[in-house]
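To start, the structure itself, in structure tokens.
The values are calculated or read from the model by the stated rules, or taken from the named source; none is laboratory data. It should be emphasised that the depicted structure is a prediction, and the values quoted were computed from it without experimental measurement. Cβ placement follows ideal geometry from the backbone for every residue including glycine, while neighbour counts extend to all protein chains displayed.
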Amino acid sequence: DWTSDAFAETTIADLKAQLGDDKVVLALSGGVDSSVAAVLLHKAIGKNLHCIFVDNGLLRKNEYESVLEQYKDFGLNIKGVDAKDRFLGELAGVEDPEQKRKIIGRVFIEVFDDEAHQIKDVKWLAQGTIYPDVIESVSVNGPSATIKSHHNVGGLPDFMKLKVVEPLKTLFKDEVRRVGNTLGLESFILGRHPFPGPGLGIRIIGEVTAEKIAILQEADHIYIQNLKDAGLYDQIWQAGAIFLPVRSVGVMGDERTYENVIALRAVESLDGMTADWCHLPYPVLAKISNEIINKVRGINRVVYDISSKPPATIEWE
Ligand code: XMP
């Protein structure tokens, strides 16, 4: 019968045999799958694993810094790439969700390809693909998914010509978490909610701007922190705030305000294919709403999404 200890041990030995002294490049997303894949590979080949973590400017508040810090503590050979301005520049003026996804995917590949070129004699591309990705072929999370879904757009970037190594290919999500646990990864990484590759780029409805990102990051941070403080975070499949392209009237003191709306989403799900909205306790919602409206400039109204999937999707775009 399957144990995570035995899986980790055999996989590390197999990777050692397969990869020898070859260099491997891997895109880290901060998510569970790419992190566990990276730690397994690191245990097998050490510094020959070159990890790249791209800041697309569409991550949660402080996410880039805190995730990078965690990975460094783990001894990973990792390069952080600040590509915020490049993503933002390419997204300027674009409103259509699918077009935004394509741009974010393409720019990610360009940035990653540039970085991969700087690693001399790299032979392998490692990916955190898990079993459901293999069977569905359309996967949901992280850069590996981004790479796959843009596979056949134009010519292949050079790193796509590398040999592929996918150490988690036979595992389900809960098994990946157990392996991560065996390897000593912390709940900070293992317990996180799924987060889409295009990030806040598809949680800002319509055009993405630096100002909207900053507002959404603050509101989302207050939301998630309150879910953690209330002990609810681990019971929720996925939660996040959404910036709506709507302004509404409010009052502050004697002044009339005309500001933006934040929608809060939290769902229960087993696999993301279907989902129910979470019946969050009113006192928690009340506290979150007050805190967002009082602390985040530019927001005067907070609404809670009570739609299930189907017919609604988890994301709004
Ligand atoms: P939907 O909105 O389709 O989302 O109900 C289901 C799951 O997929 C994630 N999602 C994405 N992940 N790139 C990704 O890597 C995407 O473009 C994308 N769109 C949705 C979503 O966060 C949820 O977990």
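Rundown of residues vs (1) in a helix (DSSP H, G or I); (2) modelled with pLDDT of 95 or more; (3) touching a helix residue (DSSP H, G or I) at 6+ places or on another chain (Cβ under 9 Å), yes/no style:
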{"site": "80", "(1), (2), (3)": "no, yes, yes"}
{"site": "87", "(1), (2), (3)": "yes, yes, yes"}
{"site": "95", "(1), (2), (3)": "no, yes, no"}
{"site": "103", "(1), (2), (3)": "yes, yes, yes"}
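Of note, residue 220 does not satisfy the criterion of being of a type outside the set (Phe, Trp, Tyr), modelled with pLDDT under 95 and not in a strand (DSSP E or B).
Annotation: of all residues in the stretch 247-273 being more than 28 Å from the chain's Cα centre (by Cα) and among the β-branched types (Val, Ile, Thr), the one that is farthest from the ligand (Cβ to nearest atom) is 251. Filtering the stretch 118-136 to residues that are over 17 Å from residue 34 (Cα atoms), in a helix (DSSP H, G or I) and either at pLDDT 95 or above or of a type in the set (A, V, I, L, M) (or both) leaves only 135. Among the residues making up the stretch 274-317, those that are away from the ligand (no atom under 16 Å from the Cβ), over 25 Å from residue 96 (Cβ atoms) and part of a strand (DSSP E or B) are 300, 301, 302, 304.
A quick yes/no check of all residues on (1) in contact (Cβ under 8 Å) with a residue 24 or more places away in the chain; (2) of a type in the set (Phe, Trp, Tyr); (3) under 23 Å from residue 194 (Cβ atoms):
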| position | (1), (2), (3) |
| --- | --- |
| 1 | no, no, no |
| 17 | no, no, no |
| 32 | yes, no, yes |
| 38 | yes, no, yes |
| 42 | yes, no, no |
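Within the stretch 182-202, the set of residues being part of a helix (DSSP H, G or I) and either modelled with pLDDT of 95 or more or within 11 Å of the ligand (Cβ to nearest atom) (or both) comprises 182, 199, 200, 201, 202. The one condition from (1) surrounded by 14 or more Cβ atoms within 10 Å (Cβ to Cβ); (2) farther than 30 Å from residue 211 by Cα that residue 46 does not meet is (1). Here residue 240 passes the criteria (1) within 14 Å of the ligand (Cβ to nearest atom); (2) modelled with pLDDT under 95 except the one numbered (2). When the stretch 250-269 is filtered for residues that are touching a residue at least 12 places away in the same chain (Cβ under 8 Å) and of a type in the set (A, V, I, L, M), the ones remaining, listed by number, are 252, 261, 262, 263, 264, 266, 267. Scanning the stretch 223-251 for residues that are part of a strand (DSSP E or B), closer than 15 Å to residue 290 by Cβ and not aliphatic (A, V, I, L, M) yields a single hit, 250. Selection within the stretch 270-317: residues that are closer than 22 Å to residue 173 by Cα, outside the structural domain of residue 246 (by TED's automatic domain parsing) and in contact (Cβ under 8 Å) with a residue 12 or more places away in the chain. The member of this set that is surrounded by the most Cβ atoms within 10 Å (Cβ to Cβ) is 314. Kindly provide the set of residues from the stretch 9-33 that are modelled with pLDDT of 95 or more, of a type in the set (Gly, Ala, Ser) and surrounded by 21 or more Cβ atoms within 10 Å (Cβ to Cβ), ordered by number. Result: 27, single match. Within the stretch 203-219, restricting attention to residues that are farther than 14 Å from residue 262 by Cα and of a type in the set (Val, Ile, Thr), the residue that is nearest to the ligand (Cβ to nearest atom) is 208.
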